[in-house]
Amino acid sequence: MGFLDGILGRSKPPEADLDVLFSVPQAVISLQLEGFMPSGSGSVCFRDVEGQADDAVMADAEKIITSSTGSTVSRSDDRFGFHWLTVTRADADVSGLTADLHAVNSSLTDAGFGTSLLCSTFAFTTPAGKPFGLVYLYKRGTFYPFAPDGGERRDNALELQVRGVIAGDVPVEPDLAKWLAIWGAPGLA
Amino acid sequence: MARSRFRTDRGLSLRMGGVSLGLGALYLLFAAVLYQTPLGAVGFVVVLAMAWGQWYFSDSLALKSMRAQVVEPHQAPELHAMIDRLCALADMPKPRVAIAVTDMPNAFATGRTPNHSAVCVTTGIMQRLDADELEGVLAHELSHVANRDVTVMTVASSIGLLAGFITRYGMYFGGMFSGGRDRNNNSNGGPAFIVVFLVSLVVYAVSFVLIRGLSRYRELSADRSGAYMTGRPSKLSSALVKISGDMSRIPNSDLRESQAMSAFFFAPAISRESIGALFSTHPPLQQRLDQLAKVSAELSEQG
């Protein structure tokens, strides 16, 4: 935000960074070597905007994804007023999943809702059989691991271990305070 | 092609720019007059130091004067989760979160930079608003932080502080004026003091109106940015309506206690009809609601 914007009080919400998402397949390979299995599902989480404009965009994006082969889409809402659009691919193909999620992102951005995108998740199963999520923060263009450990607890040791595993493949969020917990996110509960 | 639904309100920016220019000009004029007298220089330094202190310690001072307690995530998980998400959406550092135990429904943000800021809500506002409305209010407060309103308002109001200081205490130091630029010539002491006194009085009055104007414009732009941040301007509207209705029913003792803080509040703590629109720190409710309705229409435009 520039000096003039400060004087005139014009801070605006930042736009989402979409392209970094395509580096996910690299990180998935590294995670697979460590015994993490991709579950084939991923979600886009975005702010519900009042009015019907954003819902129309979502319906269109859903149509695009389901028209391609092997992908199913489901929608859910959380108690904070965010929509989750979850794409599941039967073949667990991560590149395809990334492309599907990108389609959702770009439809939202094209319609002017890029500022409403919060995060995107890729679901995995840990070697111990627990759910695990690789979370992408749109506004920062960075990833962080999220390992729910029953109830509202996280396995921080595992998360920090994963940080080392994926550090070479994707930009990892350096500020640990930004590693938001997303309890009850689809595919991670 | 990515487009943004965010629209700047050109009229609002223009008005705010105009007020800022006016204040800037007033600063220069006042400095030029004060430069002529030794008391002016002393007063300038004293007031500058006071303003700097107020700005630098704004977060702890404001929290203390409201007797607010900083709360950790485990003490107020819902509130923290809400602010976490808003900060992630707006990509801004998370401020400290505080709760003040008072029935007055209000919220304020303070702090010299986004990295040293705090957002405070009262228990009264948490009881009266539902989660979505509270989130609208928090987004409004976070916009104050993002817009650096504490810094802007401190700089803007320093001139009023200085002019007020001179009109009030200038009398006692009247003797210091007698020298003027030339200490050997006592004859122009009286007139020089009167000139400075009168100029200070005028500057005080003009800056008062300008600062109040600036404060109202900052509120409008915080409403605006906050509404874009949550994507739900109508929730903020309903919060405003609820709180404004409640404000007039608050016992007076509470109101007087928090008068000094009023400029940073979400809704003004003083709700007397007699104070003209020109002198109020917050825009009239109807103007805020109209603006939010416009944002809502822009957000739901299809195609």
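The values are calculated or read from the model by the stated rules, or taken from the named source; none is laboratory data. Just so you know, these numbers come straight off a predicted model, no measurement behind them. Cβ atoms come from the backbone with ideal geometry, glycine included; neighbour counts cover every protein chain shown.
Every residue, every condition in (1) surrounded by 16 or more Cβ atoms within 10 Å (Cβ to Cβ); (2) part of a strand (DSSP E or B), yes or no:
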{"residue": "A:Pro13", "(1), (2)": "yes, no"}
{"residue": "A:Leu21", "(1), (2)": "yes, no"}
{"residue": "A:Ile29", "(1), (2)": "no, no"}
{"residue": "A:Ala61", "(1), (2)": "yes, no"}
{"residue": "A:Thr72", "(1), (2)": "no, yes"}
{"residue": "A:Arg75", "(1), (2)": "no, yes"}
{"residue": "A:Phe80", "(1), (2)": "yes, no"}
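Taken over segment A:169-189, the criterion of being outside any loop (DSSP other than H, G, I, E, B) and touching a strand residue (DSSP E or B) at 6+ places or on another chain (Cβ under 8 Å) is satisfied by A:Val172, A:Lys178. Exactly one residue out of A:Ala53, A:Ala59, A:Ala92 is out of contact with any strand residue (DSSP E or B) (no Cβ under 7 Å at 6 or more places or on another chain) and farther than 24 Å from B:Ala90 by Cβ: that is A:Ala59. Comparison of B:Leu28, B:Leu12, B:Leu34 shows that the only residue that is more than 21 Å from A:Trp179 (Cα to Cα), exposed (fewer than 14 other Cβ atoms within 10 Å of the Cβ) and hydrophobic (A, V, I, L, M, F, W, C) is B:Leu28.
Would you mind stating whether A:Met58 is modelled with pLDDT under 90 and facing chain B (nearest Cβ under 8 Å)? If you could, list the steps in order and put the result at the bottom.
On the way: modelled with pLDDT under 90: yes; facing chain B (nearest Cβ under 8 Å): no.
No, not satisfied.
Please tell me if A:Thr66 is among the hydroxyl-bearing types (Ser, Thr, Tyr), part of a strand (DSSP E or B) and modelled with pLDDT under 90. Judged against the criteria, A:Thr66 is not a match. The number of residues in segment A:135-168 being in contact with a strand residue (DSSP E or B) (Cβ under 9 Å, 6 or more places away or on another chain), under 16 Å from A:Asp19 (Cα atoms) and not hydroxyl-bearing (Ser, Thr, Tyr) comes to 4. Within segment A:22-44, residues that are closer than 15 Å to A:Arg89 by Cα have Cβ atoms under 8 Å from residues that are of a type in the set (Asp, Glu) in these pairs: A:Gly40/A:Asp91; A:Gly40/A:Asp93; A:Gly42/A:Asp100, counting only partners at least 6 apart in sequence or on another chain. Entry remark, segment A:169-183: residues being surrounded by 11 or more Cβ atoms within 10 Å (Cβ to Cβ) and within 14 Å of chain B (Cβ to nearest Cβ) number 9 in total. Within segment A:1-38, the set of residues being of a type outside the set (A, V, I, L, M, F, W, C) and touching a Gly at 6+ places or on another chain (Cβ under 6 Å) comprises A:Glu15, A:Asp17. Is at least one residue of segment B:80-101 closer than 16 Å to B:Thr123 by Cα, among the charged types (D, E, K, R) and either assigned to a helix (DSSP H, G or I) or away from chain A (no Cβ under 12 Å) (or both)? The answer is no; no qualifying residue exists. Is it the case that some residue within segment A:141-150 is buried (at least 23 other Cβ atoms within 10 Å of the Cβ), within 11 Å of chain B (Cβ to nearest Cβ) and closer than 20 Å to A:Ser95 by Cβ? No, segment A:141-150 has no match at all. Taken together, the residues in segment A:82-117 that are outside any helix (DSSP H, G or I), surrounded by 20 or more Cβ atoms within 10 Å (Cβ to Cβ) and either over 14 Å from the mean Cα position of the chain (by Cα) or away from chain B (no Cβ under 14 Å) (or both) amount to 8. In the set B:Val101, B:Val97, only one residue is touching a Cys at 6+ places or on another chain (Cβ under 9 Å) and surrounded by fewer than 24 Cβ atoms within 10 Å (Cβ to Cβ); that residue is B:Val97. Does at least one position in segment A:30-42 carry a residue that is more than 11 Å from chain B (Cβ to nearest Cβ) and at positive phi? There is at least one residue in segment A:30-42 that is more than 11 Å from chain B (Cβ to nearest Cβ) and at positive phi.
In segment A:64-81, the condition of being under 13 Å from the mean Cα position of the chain (by Cα), within 14 Å of chain B (Cβ to nearest Cβ) and within 19 Å of B:Arg85 (Cβ to Cβ) is met by no residue. The set of residues from segment A:118-140 being in a strand (DSSP E or B) and surrounded by fewer than 20 Cβ atoms within 10 Å (Cβ to Cβ) comprises A:Thr125, A:Pro131.
If I go through segment B:102-121 residue by residue, how many of them are part of a strand (DSSP E or B), more than 14 Å from chain A (Cβ to nearest Cβ) and touching a residue at least 40 places away in the same chain (Cβ under 8 Å)?
Taking segment B:102-121 first, the residues part of a strand (DSSP E or B) are B:107-111, B:117-121.
When the remaining residues are screened for being more than 14 Å from chain A (Cβ to nearest Cβ), the result is B:107-108, B:110-111, B:118-121.
So of that shortlist, the ones also touching a residue at least 40 places away in the same chain (Cβ under 8 Å) come out as B:107-108, B:110-111, B:118, B:120-121.
Qualifying residue count for the region: 7.
When only residues in segment B:126-143 that are within 9 Å of chain A (Cβ to nearest Cβ) and surrounded by 24 or more Cβ atoms within 10 Å (Cβ to Cβ) count, which is nearest to B:Arg212 (Cα to Cα)? Among residues in segment B:126-143 that are within 9 Å of chain A (Cβ to nearest Cβ) and surrounded by 24 or more Cβ atoms within 10 Å (Cβ to Cβ), the one nearest to B:Arg212 (Cα to Cα) is B:Ser143.
If we keep just the residues of segment A:121-140 that are more than 12 Å from chain B (Cβ to nearest Cβ) and closer than 28 Å to A:Pro13 by Cβ, which is nearest to the chain's Cα centre (by Cα)?
Our first condition is that a residue be more than 12 Å from chain B (Cβ to nearest Cβ); within segment A:121-140, this holds for A:121-134.
Adding the requirement that they be closer than 28 Å to A:Pro13 by Cβ leaves A:121-123, A:133-134.
Details: A:Thr121: 3, A:Phe122: 6, A:Ala123: 9, A:Gly133: 9, A:Leu134: 7 Å.
The qualifying residue nearest to the chain's Cα centre (by Cα) is A:Thr121.
Do the conditions hold for A:Val49, that is, is it within 14 Å of chain B (Cβ to nearest Cβ), touching a Gly at 6+ places or on another chain (Cβ under 6 Å) and closer than 30 Å to B:Leu299 by Cβ? Spell out the reasoning first.
Numbers: within 14 Å of chain B (Cβ to nearest Cβ): yes; touching a Gly at 6+ places or on another chain (Cβ under 6 Å): yes; closer than 30 Å to B:Leu299 by Cβ: yes.
Taking the combined requirement at face value, the residue satisfies it.
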